[in-house]
Amino acid sequence: MSTIYMGAGQIANGQWLKGVFLILFETFVLIPSIPLLLKNLKGLITLGETPMVDHSLFMMIYGILAAVATVFFIVFYIVNIRDAYIHGIVLERGGKRKGWKESLRSMIDTGFPYLILAPGILCIIFFTFLPMAFNIMIAFTDYDLYHSPPRHILNWVGFKNFVEFLTTASWARTFKEVVTWTVLWATLSTLTTYLLGMIMALILNNPRIKFSKIFRTILILPYAIPSFVSLLIWKGMLNTNFGLINHFLTSVFNIEPIPWLENVFWTRFALILVNLWLGFPYSMMMITGILQGLPNELYEAATVDGATGFQKFRYITLPLVMFSAAPLVIMSFAYNFNNFNVIFLLNDGLPAVFGLQGKAGGSDILISWVYKLTFQSLKFNYAAAMSLIIFLVIVGFSIYNYTRTRSFREEEMLR
């Protein structure tokens, strides 16, 4: 009976208060909401019909919210049917009918975890799911400078953006070059910061080094300074004509001024160096913490067996450090894959390269190119498609690599 009308089954089972509450809910909340839900769901499908009256973007947002509300109502309706069915089975088997107080107590006992999770789930829906769904949907529309609401109604175009993006010669070339540099940038920036951080951590962890705390404090300063301040300072220091770096190289080594920010190769080289300066303190502190947690018994046993210092590092320190740091290194790769600050603040993705589309420059990575596609080229559909590709790459790469690390497969080692 609850399938026909919410609360009917509960009343048939003798749960009058619960049944009346559900009937009121369906009568005054669910049924009046249906026209509004259908209207917004229709708007999500059509994205509007009349320019300057219907705003496709708002209709898309309202449509997503209507879809979420519809799912919630359907789940609530199913729970109502299941509750009446289970209680009916209990009564048929001679069980005791639950009164209002018992039902409320049972609901609190079983539903308390869900009640605690509810605020978090709502936040996830509004601040994570809604923007993500909106971005994904934009990737399948023709939203750009020439199809911008409310003057124009957006249209669903399917995978047309992806096909054009990846098959048009000039765009495909741009995409290939940006992706290649993005992967190279993420790999080099992660490995260099990790290796230099490990070297510095090993040196400063050596008991023969005096004043190691002072050196460690000095070395962590680049990480303590806001990165945008450091990047703007480095931008001035790398100026070809007036920068301190070229002035030093010319006066000391008699080297011709290097076009740090005007040549693609030197710009990329400078990006790696600046990112190394900014990022190695984090790796150093991370590995320092790991080193200080290693058991001394292993080294004492190795010393008794006659192992050299290099053998201790090769067979004890290095495996244990890599085992503990692998998930963090993978996360660092994902971070550097989307490291917008360094690319944008140091040289704005420049220098310009002839033939690249969407205002892409020689040092642009995917995320900085998405920024230019959005705010400079106004190709919102392409930017959304690119964002979706980045999301899939990062998620797929992170899951694949994390599940293949020893720290994931051998978690029992740390227990």
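The values are calculated or read from the model by the stated rules, or taken from the named source; none is laboratory data. From a predicted model like this one, the values you see are computed outputs, not experimental measurements. Cβ placement follows ideal geometry from the backbone for every residue including glycine, while neighbour counts extend to all protein chains displayed. Accessible surface areas use protein heavy atoms only, side chains included; no ligands, DNA or RNA. Shrake-Rupley method; radii C 1.70, N 1.55, O 1.52, S 1.80 Å.
V53: assigned to a loop (DSSP other than H, G, I, E, B) and under 30 Å from L37 (Cα atoms), yes or no?
Numbers: assigned to a loop (DSSP other than H, G, I, E, B): yes; under 30 Å from L37 (Cα atoms): yes.
Yes, satisfied.
Going by the conditions given, is V321 touching a residue at least 60 places away in the same chain (Cβ under 8 Å), over 24 Å from the mean Cα position of the chain (by Cα) and over 25 Å from S398 (Cβ atoms)? No, not satisfied.
Being modelled with pLDDT of 90 or more and more than 18 Å from W156 (Cβ to Cβ) is true for just one of I64, I74, I86, I81. Which residue is that?
Details: I64 fails: more than 18 Å from W156 (Cβ to Cβ); I86 fails: modelled with pLDDT of 90 or more; I81 fails: modelled with pLDDT of 90 or more.
Answer to the selection: I74.
One residue stands out among those in the range 212-251 that are more than 28 Å from A201 (Cα to Cα) and of a type in the set (V, I, T): the one that is modelled with the highest pLDDT, which is T250. Restricting to the range 114-141, count the residues that are among the small types (G, A, S) and either more than 18 Å from the chain's Cα centre (by Cα) or within 20 Å of A66 (Cβ to Cβ) (or both). Residues that pass the stated criteria total 2. Among the helices (runs of 4 or more DSSP H) confined to the range 265-376, there are none with at least 3 residues that are small (G, A, S), open to solvent by less than 20 Å² (accessible area, probe 1.4 Å) and over 23 Å from Y194 (Cβ atoms). Would you confirm whether or not the range 100-122 contains a residue that is open to solvent by less than 60 Å² (accessible area, probe 1.4 Å), touching a residue at least 12 places away in the same chain (Cβ under 8 Å), out of contact with any Lys or Arg (no Cβ under 9 Å at 6 or more places or on another chain) and not aromatic (F, W, Y)? For the range 100-122, residues open to solvent by less than 60 Å² (accessible area, probe 1.4 Å), touching a residue at least 12 places away in the same chain (Cβ under 8 Å), out of contact with any Lys or Arg (no Cβ under 9 Å at 6 or more places or on another chain) and not aromatic (F, W, Y): absent.
Looking only at the range 142-161, decide whether some residue is of a type in the set (S, T, Y), open to solvent by 70 Å² or more (accessible area, probe 1.4 Å) and not in a loop (DSSP other than H, G, I, E, B). No, because not a single residue in the range 142-161 is of a type in the set (S, T, Y), open to solvent by 70 Å² or more (accessible area, probe 1.4 Å) and not in a loop (DSSP other than H, G, I, E, B). Every condition in (1) part of a helix (DSSP H, G or I); (2) aliphatic (A, V, I, L, M); (3) open to solvent by 80 Å² or more (accessible area, probe 1.4 Å) is met by V68 except one, and the failing one is (3). Can you say whether F242 is open to solvent by 50 Å² or more (accessible area, probe 1.4 Å) and in a helix (DSSP H, G or I), as far as the supplied structure shows? Here the answer is no, as F242 does not meet what is asked. Summed over the range 196-221, the residues that are open to solvent by 40 Å² or more (accessible area, probe 1.4 Å) and without any contact (Cβ under 8 Å) to a residue 24 or more places away in the chain give a count of 13. In a residue-by-residue description of the range 166-182, the property of being surrounded by fewer than 15 Cβ atoms within 10 Å (Cβ to Cβ), modelled with pLDDT of 90 or more, in contact with a Ser or Thr (Cβ under 9 Å, 6 or more places away or on another chain) and not in a loop (DSSP other than H, G, I, E, B) applies to no position. Is it the case, given these coordinates, that E164 is under 19 Å from T374 (Cβ atoms) and charged (D, E, K, R)? For E164, the condition - under 19 Å from T374 (Cβ atoms) and charged (D, E, K, R) - is met. Can you run down the residue pairs with Cβ atoms below 9 Å, 6 or more apart or on separate chains, where the first is in the range 140-151 and acidic (D, E) and the partner is open to solvent by less than 40 Å² (accessible area, probe 1.4 Å) and not in a loop (DSSP other than H, G, I, E, B)? Matching pairs, first to second residue: D142/N161; D142/N381; D144/N381; D144/Y382. Kindly check whether there is at least one residue in the range 215-223 that is in a helix (DSSP H, G or I) and touching a Ser or Thr at 6+ places or on another chain (Cβ under 9 Å). Looking for residues that are in a helix (DSSP H, G or I) and touching a Ser or Thr at 6+ places or on another chain (Cβ under 9 Å), one finds at least one in the range 215-223, hence yes. Scanning the range 384-396 for residues that are open to solvent by less than 60 Å² (accessible area, probe 1.4 Å), in contact with a Leu (Cβ under 8 Å, 6 or more places away or on another chain) and either at pLDDT 90 or above or not β-branched (V, I, T) (or both) turns up at least one hit. A residue that is assigned to a helix (DSSP H, G or I) and within 30 Å of T180 (Cα to Cα) can be found somewhere in the range 255-264. Here the range 1-35 is the region considered, the condition is being in a helix (DSSP H, G or I) and among the small types (G, A, S), and the residue that is most open to solvent (accessible area, probe 1.4 Å) is A12.
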